[in-house]
Amino acid sequence: MRLTVIGTGYVGAVHAACMAETGHEVLGVDVDEERIAALAAGRPPFHEPGLSAMLQRTVATGRLRFTTSMAEAARFAGTHFVCVGTPQRPESGAADLRHVEAAVDALAPGLRSAGHDGALVVGKSTVPVGTADRLAARLCDSGADVAWNPEFLREGSAVQDTLRPERIVAGVRSAQAEARLRAVYAPLVAAGAPFIATDTVTAELVKVASNSFLATKISFINAMAEICDVTGADVLTLAAAMGADSRIGPNFLTPGLGFGGSCLPKDIRAFAARAEEIGRGESVAFLRQVDEINTRQRRRTIALAERFVGGSFAGRSVAVLGAAFKPGSDDVRDSPALAVAETVRRRGARVRVHDPEAVDNARAAFPDLQYALDVTKACEQADVVLHLTEWPQYQELDPAALAAVVRTPVMVDARNTLDARAWHSAGWRLSAPGRPRLG
Ligand code: UDX
Ligand code: UDX
């Protein structure tokens, strides 16, 4: 089949490459000319395991091409996936739909004349419930139908999540649209992916409800870590014992600095704002608490570090391990690690940040922080080390070797993944949220 993918960011670039990999002819479209030129040369604009090789492979076959022309997109195919971003409005937290509307408005004029047995615009972006219906009204003159097909990919495993999804959710307004989406995903369904056909409102909700649930699980365990801190209980044992109950499950129960990234924080705020608009604010009022518990972990980490350096950051040296919002990614959007690092810098510390992948993006977003290319350099003469993104290589660090380069061997393990006993034995004072003090 022929498809277009409009918006070639994290979601769109991965979707375009994976659809070409499964045999479709795909045209990727973006307003960003530089991005389109790089993708056409097989270079993804971000770090994502397996994506670069897949882009090169599919571009070489001719099944994947890129353009900045919406008119070309309308002519090329009858099925158009919309993957542009839906950022947060600063004042209300609601989703800003201007990119989605701009993409649809730019595509619309070409659709009527294009034929293709009826155009289908398929939204993948995360949107407030009711958006598909509004876009259908907006597209009315073009004769196009609208469907919603949310993505559930995690950065770092986006290619696998797209090729082997745990579910495909197709929100449709007609049998023809369902048949079209079944044809698009036939290779994935044949490989075992469940296909859930529903209406567009339910499909839109599946995405925001899923992300809200994941965020709630994380904030729940972080709230328990706060309780553990005053009772002396051990949150890691608590999480393991809770997670052993198959009704609860072990995933998304790692206590620490909390969630960030381009989805969870903005999605829960947008959902809360949308619920208020439709008169059901109280139904998801708990999401405000989820958000508050989450951002409180950043303040708690900063307060602990400040105590460790004697009550003031002024003139202190602070090493930060991790800048990406999570390991396996170079994405720094709403990164808890960088939010902490920047606040500590503003309070007068000299902050040196290490990250295996995200330094370039971090530097662009926070130019006043200092960056180090290896952990030892970041930690030289540090008064405190903050472990803020749990890259696996930080678990392999030699605590004794690092103790020799810092000024004071004090560690805040805000991600709860370092071997506290090993660090303690090497002379470190180490504190992690919800863990009993050692020694
Ligand atoms: C996606 C989803 O679409 C968003 O709703 C979800 O919540 C997170 O994942 P993402 O892929 O992360 O967004 O967005 P981003 O990496 O910012 O890429 C968006 C792309 O769309 C950019 O390349 C941008 O240039 C492009 N764009 C934007 C257009 O092509 N046209 C526009 O009008 C606006
Ligand atoms: C998320 C959703 O998982 C995905 O389905 C959706 O499409 C986009 O948003 P992503 O943002 O890539 O994906 O990251 P995810 O792996 O879900 O992690 C989100 C955040 O939660 C990260 O900051 C991570 O560090 C944090 N997290 C995760 C915890 O703090 N504790 C946990 O136990 C798990």
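Taking only the alpha-carbon atoms of region 341-387, what semi-axes of the equivalent ellipsoid follow from 5 times the gyration tensor eigenvalues under a square root, in whole Å, largest first? Intermediate results must be reported in sequence, preceding the final value.
Values: eigenvalues 49, 43, 11 Å².
After diagonalising the Cα gyration tensor, the semi-axes are 16, 15, 8 Å.
Computed over the Cα atoms of region 369-439, what is the convex hull's projected area averaged over all directions, in nm²? Each step should come with its number before you reach the end.
On the way: hull surface 18.4 nm².
So the mean shadow area of the Cα hull is 4.6 nm².
Please list 181-188, 397-404, 14-21 highest first by mean number of surrounding beta-carbon atoms within 10 Å per residue.
Numbers: 181-188: 17.5, 397-404: 15.6, 14-21: 27.1.
In descending order of packing, they fall as 14-21, 181-188, 397-404.
I'd like to know which of Ala382, Pro356, Ser219 lies farthest towards the positive end of the charge dipole of the chain, counting +1 on Cβ of Lys and Arg and -1 on Cβ of Asp and Glu.
Of the options given, the answer is Ala382.
Nearest 20 debye, what's the magnitude of the dipole of the chain about its Cα centre given +1 on Lys and Arg Cβ and -1 on Asp and Glu Cβ?
560
Sticking with the crude label model, points 7 Å out along Cα→Cβ, report the distance from Val31 to Ile227 in nm, one decimal please.
With each label placed 7 Å out from Cα toward Cβ, I get 4.7 nm.
Starting from the Cα of Gln381, step 7 Å toward the Cβ, then list every residue of region 400-418 with an amide N under 15 Å from that point.
Within reach of a label on Gln381: 405-408.
Region 2-198: D in µm²/s via Stokes-Einstein (Kirkwood Rh, Cα pairs, 10 °C, 1.306 mPa s)? Please report the intermediate quantities before stating the final value.
Details: Rh = 16.7 Å.
The diffusion coefficient I find is 95 µm²/s.
In percent, what relative contact order does region 200-439 have, based on Cα pairs under 8 Å that are 6 or more apart in sequence?
21
Dipole magnitude of region 384-435 about its Cα centre, charges +1 at Lys/Arg Cβ and -1 at Asp/Glu Cβ only, in debye to the nearest 20?
That gives region 384-435 a dipole magnitude of about 220 debye.
How large is the Rg to Rh ratio of region 237-301 when both quantities use alpha carbon positions and Rh follows Kirkwood?
Answer for region 237-301: 1.06.
Just tell me which lysines come within less than 23 Å, Cα to Cα, of Lys124; anything on the same chain fewer than 8 places away is out.
Lys207, Lys266, Lys326
Would you mind computing Rg(Cα) / (2.2 N^0.38 Å) for region 195-307, counting N as its residues?
On the way: Rg = 15.9 Å, N = 113, 2.2 N^0.38 = 13.3 Å.
So the Cα radius of gyration is 1.20 times the expected 2.2 N^0.38 Å.
Using Cα-only point scatterers and the Debye equation, what is log10 of I(q)/I(0) for region 200-439 at each q in 0.17 Å⁻¹, rounded to two decimals?
So the normalised log intensities are -1.26.
Can you tell me the FRET efficiency between Glu166 and Met1 if r is taken as the Cβ-Cβ distance and R0 is 25 Å, rounded to the nearest 0.05?
On the way: r = 23 Å, r/R0 = 0.93.
Approximately 0.60, to the nearest 0.05.
When N is the residue count of the chain, what does its C-alpha Rg come to as a fraction of 2.2 N^0.38 Å?
That ratio works out to 1.06.
In debye to the nearest 20, how big a dipole does region 200-439 give about its Cα centre with +1 on each Lys and Arg Cβ and -1 on each Asp and Glu Cβ?
Value, rounded to 20: 580 debye.
Every read-out reported here was derived from the displayed coordinates using simple, explicitly stated rules and does not represent laboratory data. In this text, all values refer to a predicted model and were calculated from it rather than measured experimentally. When we count neighbours, we look across all protein chains shown, and the Cβ atoms used for this are built from the backbone with ideal geometry, even at glycine.
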